[in-house]
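Participant: Handing you a structure now.
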Amino acid sequence: EAPFNATPNISSFLKGDRPNWALIASRLYFERDIEEEVYDQLLDFATGSGRGHKIDIVLGSAGYGTTTLLMTLATILVQEKAGPVFMLKPGRDLKEGDVEFAVSIFDSRPFFFIDSGADYSDKINTVVNILKVTGKTAMFMLGERLNEWRQGHGKLSAKEFLLEPLSDPEINRLLECLEKNNALNKLQDLKKDLQIAAIKVNYNKELLVALREAT
């Protein structure tokens, strides 16, 4: 039901706003280094035979692109028909009964994507206990700021994937994305090595800072 065929919000995204589903489906973002590693974990769950639940979480500082990565992974799962995929809408409450019902109506293994995972840790823990009793299987893919997770995830444990500051390959992919969309602006008159240096030194390899300053 996600509006994959809408108009991608590329202009506002390159200024640091949340991407829309159409932008993600069109792959107008640039790939983060850990995308393949996390997706392989999701795919292993989809093709596995074991019972029970699994919880993974992407952690990063504010502005590192956690939400974009979650949306990317969810979209690829949908495109690959890996299983039913649900993503909690921003600002909505997580209802344990909704998750339990969703798990009960599908034969294939469902995925639940939840951003700001620490806010829902108690409810996710309740759902996990319900799954244990009912013998159902589900995958929870969370996202959260690193400091928020460390302070507030309670008893909930998850396999962690860390979004680091931009690596050299990521900087190159970011510059290619900006150039493709005529959004280099301040950086466009610089040679490639100076563009890279600007992101490394001036913007401290931080994605949101680099986007807002460049665009």
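Participant: Being modelled with pLDDT of 90 or more, more than 18 Å from the chain's Cα centre (by Cα), open to solvent by 40 Å² or more (accessible area, probe 1.4 Å) and farther than 19 Å from residue 87 by Cβ narrows it down to one of 191, 186, 155, so name that one.
Facilitator: Testing whether each residue is modelled with pLDDT of 90 or more, more than 18 Å from the chain's Cα centre (by Cα), open to solvent by 40 Å² or more (accessible area, probe 1.4 Å) and farther than 19 Å from residue 87 by Cβ leaves just 191.
Participant: Does residue 2 satisfy being of a type in the set (Gly, Ala, Ser) and more than 24 Å from residue 156 (Cα to Cα)?
Facilitator: Yes; evaluated as a whole, the condition is true for this residue.
Participant: For residue 70, only one of the following conditions fails: (1) in a helix (DSSP H, G or I); (2) without any contact (Cβ under 8 Å) to a residue 60 or more places away in the chain; (3) closer than 30 Å to residue 133 by Cα. What is its number?
Facilitator: (2) is the only condition that residue 70 fails.
Participant: So which pairs qualify, if the first residue must be in region 95-111 and surrounded by fewer than 11 Cβ atoms within 10 Å (Cβ to Cβ), the second must be of a type in the set (Val, Ile, Thr), the Cβ gap must be under 9 Å, and the two must be at least 6 apart or on different chains?
Facilitator: 104/134
Participant: For residues that are of a type in the set (Phe, Trp, Tyr) and in a helix (DSSP H, G or I), scanning just region 1-37, find the one that is least open to solvent (accessible area, probe 1.4 Å).
Facilitator: The extreme case among them is 13.
Participant: Would you point out the residue of region 38-77, among those that are within 22 Å of residue 124 (Cβ to Cβ) and among the acidic types (Asp, Glu), that is surrounded by the fewest Cβ atoms within 10 Å (Cβ to Cβ)?
Facilitator: This residue is 44.
Participant: Turning to a different aspect of this structure: Going by the structure shown, is residue 172 at pLDDT 90 or above, over 19 Å from the mean Cα position of the chain (by Cα), of a type outside the set (Ser, Thr, Tyr) and surrounded by 12 or more Cβ atoms within 10 Å (Cβ to Cβ)?
Facilitator: yes
Participant: Given the condition acidic (Asp, Glu) and modelled with pLDDT under 95, answer yes or no: does some residue in region 101-109 qualify? Steps first, answer last, please.
Facilitator: Of region 101-109, the ones acidic (Asp, Glu) are 107.
Then keep just the ones that are modelled with pLDDT under 95; that gives 107.
The answer is yes; a qualifying residue exists.
Participant: Also, I was wondering about something else. Go through (1) within 19 Å of the chain's Cα centre (by Cα); (2) open to solvent by less than 50 Å² (accessible area, probe 1.4 Å) for residue 178 and report which single condition fails.
Facilitator: Result: residue 178 fails condition (1) only.
Participant: Condition test on residue 129, is it under 27 Å from residue 210 (Cα atoms) and open to solvent by 60 Å² or more (accessible area, probe 1.4 Å)?
Facilitator: Criteria not met by residue 129.
Participant: From the residues in region 112-125 that are among the small types (Gly, Ala, Ser) and touching a strand residue (DSSP E or B) at 6+ places or on another chain (Cβ under 8 Å), which one is surrounded by the most Cβ atoms within 10 Å (Cβ to Cβ)?
Facilitator: 117
Participant: Is it the case that region 125-135 has a residue that's part of a loop (DSSP other than H, G, I, E, B) and within 22 Å of residue 37 (Cβ to Cβ)?
Facilitator: no
Participant: Are any of the residues in region 136-151 open to solvent by less than 20 Å² (accessible area, probe 1.4 Å), aliphatic (A, V, I, L, M) and either part of a helix (DSSP H, G or I) or closer than 25 Å to residue 211 by Cα (or both)?
Facilitator: yes
The values are calculated or read from the model by the stated rules, or taken from the named source; none is laboratory data. Small disclaimer: the values here were computed from a predicted structure and weren't measured. Heads up, the Cβs are rebuilt from the backbone with ideal geometry, glycines too, and the neighbour counts pull from every protein chain shown. These area figures cover heavy atoms from the full protein model, side chains too; ligands, DNA and RNA do not enter into them. Shrake-Rupley method; radii C 1.70, N 1.55, O 1.52, S 1.80 Å.
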